[in-house]
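Enquirer: The structure is given below, and queries will be raised subsequently.
Just so you know, all these numbers are worked out from the coordinates, no wet-lab data involved. Fair warning: this is a prediction, and the values are worked out from it, not measured in the lab. When we count neighbours, we look across all protein chains shown, and the Cβ atoms used for this are built from the backbone with ideal geometry, even at glycine.
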Amino acid sequence: MSSQKVKLRFPDGQEKEYPAGITGEEIVREISPRLAKEAIAVKLNDKIIELTRPITEDGDIRFLTFADKEGREVFWHSSAHLMAQAIKRIYPEAKLGIGPPIEDGFYYDIELDRPITPEDFEKIEAEMARIVEADYPIVRKELPRQKAIEFFKNIREDLKIELINDFPDEEVISAYSQGEFTDLCRGPHVPSTGRLGKHFKLLSVAGAYWRGDENNKMLQRIYGTSYPKKKMLEEHLHRIEEAKKRDHRKLGKQLDLFSIQESIGNGLILWHPKGARVRRVMEQFWIDEHYNHGYELVYTPHVAKLDLWERSGHTGFYRENMFPPMELEDIHYQLKPMNCPFHITIYKNQLRSYRDLPLRLAEFGTVYRYERSGVLHGLMRVRGFTQDDAHIFCTPEQLTDEIVKVLDLVIYILQTFGFHEYEVYLSTRPEKFVGSLENWEAATAALEKALEVKGLNYEVDPGEGVFYGPKIDIKIKDVLGRSWQCSTVQVDFNLPERFEMEYIGEDGKRHRPIMVHRALFGSLERFFGILIEHYAGAFPVWLAPVQTIILPITDRHHNYAQKVYDQLRRAGVRVELDRRNEKVGFKIREAEVQKIPYMLIVGDKEVESNTVSVRHKGEGDIGSMRVDEFEARIVHEIKLKK
RNA sequence: GCCCACGUAGCUCAGUCGGUAGAGCACAUCCUUGGUAAGGAUGAGGUCACCGGUUCAAAUCCGGUCGUGGGCUCCA
């Protein structure tokens, strides 16, 4: 045995032989003491193992540190165990669920009658520190299923037994021990608790259904994060603070953009004048581009007879998301959750020829959906919202081309609003679906082809399509890293079928069109929320609710200020005039806080020379210029959508 | 919907042991006419989310309802 060797290749290409059974820790200590200090785990032939595991096979070896995603995962996973051990010391009756690493830290789900509150965090953190201090070695053992079940039964970890029972037969069952604490875990972990250091923090506690199923009991999920260096933890906490400052709910209040009020109803938005101004710009731009791209705009009602929704199938598959129907003169009406049936009805109002296709009908359609109260979130998740909806009716041959055109428009519009990074997903056929397999394949191929033509990187979300067809989703991330679906392109075979849509083909026969649902903003409310966060409320000039504000120094400058105001207004600039009896410094401060891009200060000098002294938000004083010059400058910027 | 936390003036927040409420900003009036991020004085403003309970006495303790936040499940 001792004579056996393993041959290992390092990332730099170097190969070395070691006695079989050597551990990563032993190797790394020999290579570099610094790396030895930073190493968290070993990656051997795409398997991640702990530093203490004996190496018995040849292959590629790499040491993972916190700089590697996999290294962070191990670090946070071990941190989750650390927290679990501390919790078990304080609350021995707690039962452990699962405790994985997540994007910026880790959590552990525990079952405990007594609620854990943020006040308990300090106590838990103190216990964690003691465990780190003790520097218990973290030891892996593999055990046969029966032994494992017995063991966890003994320590009354019922949830763990449930997990084991669901493991496939061939699964190697492993557990990790540190001190008195043992947890069922696939691993790997850091070599000892001391390696985790003391730069950790518990962040929040939340309910979470056991195994993500709302029919199961609810456990307490405790979130935390940890870093190898103090500075990294501080930076992370600082990032969270900064993100909170950009929160659209906070900025919406500060900048007086919108409100949500108890007296109106939750999930229902009041767009205040400043928010409405931004929305009008969004809408106007959108309308112009849609006419330019061959769409026709339509308007449709907010309610329709329930029959319509029965025909469309919404009363069946979408009922739980709809407001309840209302009755009027013995007829049931339904507040609309979607716009599609209306557009279809417009299509069907006349006999269509293949020459009419593609027919693109677009609308800012305000829809109402019942969302469970717990999911509502500012502008991002609401109960009444306006979709920038459109439905494209086309022949099967036109499908790919139409999707490419939609993607072109999506990218153009998102980029104009300053979004250059997004996640693209292709969602394929789910388990429950309608339509023929051939149709599905053709439609999925059309979407794939379109993505290819556009050269977009995308991920496939298998089985995540809508039951009526596959779709492309484009998601934008908010400041806290949550991603929100905005644009969506969905192929639909179902509704043309249900509504018996037809067109007369070249051959004189009746054919069924294909329908594409698409939205670019997704919802104006959500998109606006994302915009607010994206710009931290400091909208670019073309979007800013107030583009420039005139600040007269004293009231003897008001007449001149009014002249400048009139001129800019005539030029289409959103301008305000601050006539308040305040010092100019005060007015500037307010304009800065309101994130107005340009401030125009006018005093004796300006009146005399027909100029304005221009201050740019953030940049400060950029000198004085003639009113005409300033007008040309700002009008130009607006035109370029800067 | 579920778990936990929270709800005090338009906004941001104090409020001790249960003894009937406070600041700053904003608002109104007056003074001040001041050149690039807060001039001064005075005043008005509260059914302490709502409903009920305990108590001589509740913003404070207890229960319920509504709303908000962090999550879970679900989704634009």
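Enquirer: Report, to the nearest 10°, how far helix A:558-570 tilts away from the longest principal axis of the Cα atoms in chain A, using its own Cα long axis and a range of 0 to 90°.
Expert: The angle comes out near 80 degrees.
Enquirer: How long are the semi-axes of the ellipsoid equivalent to the range A:337-438, from square roots of 5 times the Cα gyration tensor eigenvalues, in whole Å, largest first?
Expert: Working: eigenvalues 142, 80, 61 Å².
Computed over the range A:337-438, the values are 27, 20, 17 Å.
Enquirer: Pop the C-beta distance of A:Arg9 and A:Lys509 into the FRET formula with R0 = 51 Å and round what comes out to the nearest 0.05.
Expert: Working: r = 66 Å, r/R0 = 1.29.
Result of the calculation: an efficiency of 0.20.
Enquirer: Neighbouring Cβ atoms within 10 Å as the yardstick, rank A:Ser487, A:Ser78 fewest first.
Expert: Working: A:Ser487 26, A:Ser78 29.
Fewest to most other Cβ atoms nearby, the residues stand as A:Ser487, A:Ser78.
Enquirer: May I pose another question? Using a 10 Å cut-off around each Cβ, can you sort A:Trp210, A:Trp286 from fewest to most neighbouring Cβ atoms? Can you show the working numbers first?
Expert: Details: A:Trp210 17, A:Trp286 20.
Ordered by Cβ neighbours within 10 Å, fewest first: A:Trp210, A:Trp286.
Enquirer: Give me the percent relative contact order of the range A:498-551, please, defined on Cα pairs under 8 angstrom at least 6 residues apart.
Expert: Working: 20 pairs, mean separation 8.2, N = 54.
Relative contact order comes out at 15 percent.
Enquirer: As an exercise, use a Förster radius of 51 Å and the Cβ-Cβ distance of A:Glu283 and A:Asn216 to find the FRET efficiency, rounded to the nearest 0.05.
Expert: E(calc), rounded to 0.05, equals 0.70.
Enquirer: On to the next question. Rg and Dmax in Å for chain A, alpha carbons only: what are they?
Expert: 30.9, 98
Enquirer: Per DSSP H run of n ≥ 4, the term is -39500 (n - 2.57); total these for chain A, divide by its residue number, and report the mean residue ellipticity at 222 nm rounded to 500 deg cm²/dmol.
Expert: On the way: 20 runs with 228 residues, N = 642.
Taking each H run of at least 4 residues, the total per residue is -11000 deg cm²/dmol.
Enquirer: Of A:Lys244/A:Lys595; A:Lys160/A:Lys475; A:Lys244/A:Lys642; A:Lys201/A:Lys244, which ones are farther than 24 Å apart at the Cα?
Expert: Numbers: A:Lys244/A:Lys595 17 Å; A:Lys160/A:Lys475 36 Å; A:Lys244/A:Lys642 26 Å; A:Lys201/A:Lys244 18 Å.
Exceeds cut-off: A:Lys160/A:Lys475; A:Lys244/A:Lys642.
Enquirer: Still on this structure: Give the peptides A:410-416, A:466-472 in descending order of average Cβ contacts within 10 Å, highest first.
Expert: Values: A:410-416: 17.0, A:466-472: 22.9.
Peptide ranking by packing, descending: A:466-472, A:410-416.
Enquirer: So how much slack lies between A:Asp461 and A:His616, counting 0.36 nm per residue of separation and subtracting their Cα-Cα distance, in nm? Working shown, then result.
Expert: On the way: separation 155, 0.36 × 155 = 55.80 nm, distance 4.52 nm.
Fully extending the segment from A:Asp461 to A:His616 adds 51.3 nm.
Enquirer: Averaging the inverse of every distinct alpha carbon separation and then flipping it gives the Kirkwood radius. What is it for the range A:5-65, in angstrom units? Before the final figure, lay out each step's value.
Expert: Values: mean 1/r = 0.0896 Å⁻¹.
One over the average 1/r among Cα pairs gives 11.2 Å for the range A:5-65.
Enquirer: Do any GluC sites (Glu not before Pro) in the range A:549-606 lie in a DSSP loop with no more than 15 other beta carbon atoms within 10 Å, and if so, which? Walk me through the intermediate numbers first.
Expert: Numbers: sites: A:Glu576, A:Glu582, A:Glu590, A:Glu592, A:Glu606; in loops: A:Glu582.
Answer by residue number: A:Glu582.
Enquirer: Please state the charge dipole magnitude for chain A, taken about the Cα centre, from unit charges on C-beta atoms (+1 on K and R, -1 on D and E), reported in debye and rounded to the nearest 20. Mind showing how you got there, number by number?
Expert: Values: 93 positive and 103 negative charges, 338 e Å.
In total the dipole reaches around 1620 debye.
Enquirer: What full-extension length gain, to one decimal in nm, is calculated for A:Val303 and A:Lys563 as 0.36 nm per residue of separation minus the Cα-Cα distance? If you can, show how the numbers build up before the last one.
Expert: Details: separation 260, 0.36 × 260 = 93.60 nm, distance 4.75 nm.
That works out to 88.9 nm of additional length.
Enquirer: State the extension gain, in nm to one decimal, for the chain segment bounded by A:Lys454 and A:Lys250, taking 0.36 nm per residue of separation less the distance between their alpha-carbons. Kindly include the intermediate steps, with their values, before the conclusion.
Expert: Values: separation 204, 0.36 × 204 = 73.44 nm, distance 3.71 nm.
Taking 0.36 nm per residue and subtracting the Cα distance, the gain is 69.7 nm.
Enquirer: Label A:Glu371 and A:Glu171 with points 7 Å out from Cα along Cα→Cβ: what is the distance between them in nm?
Expert: Calculated label separation equals 3.5 nm.
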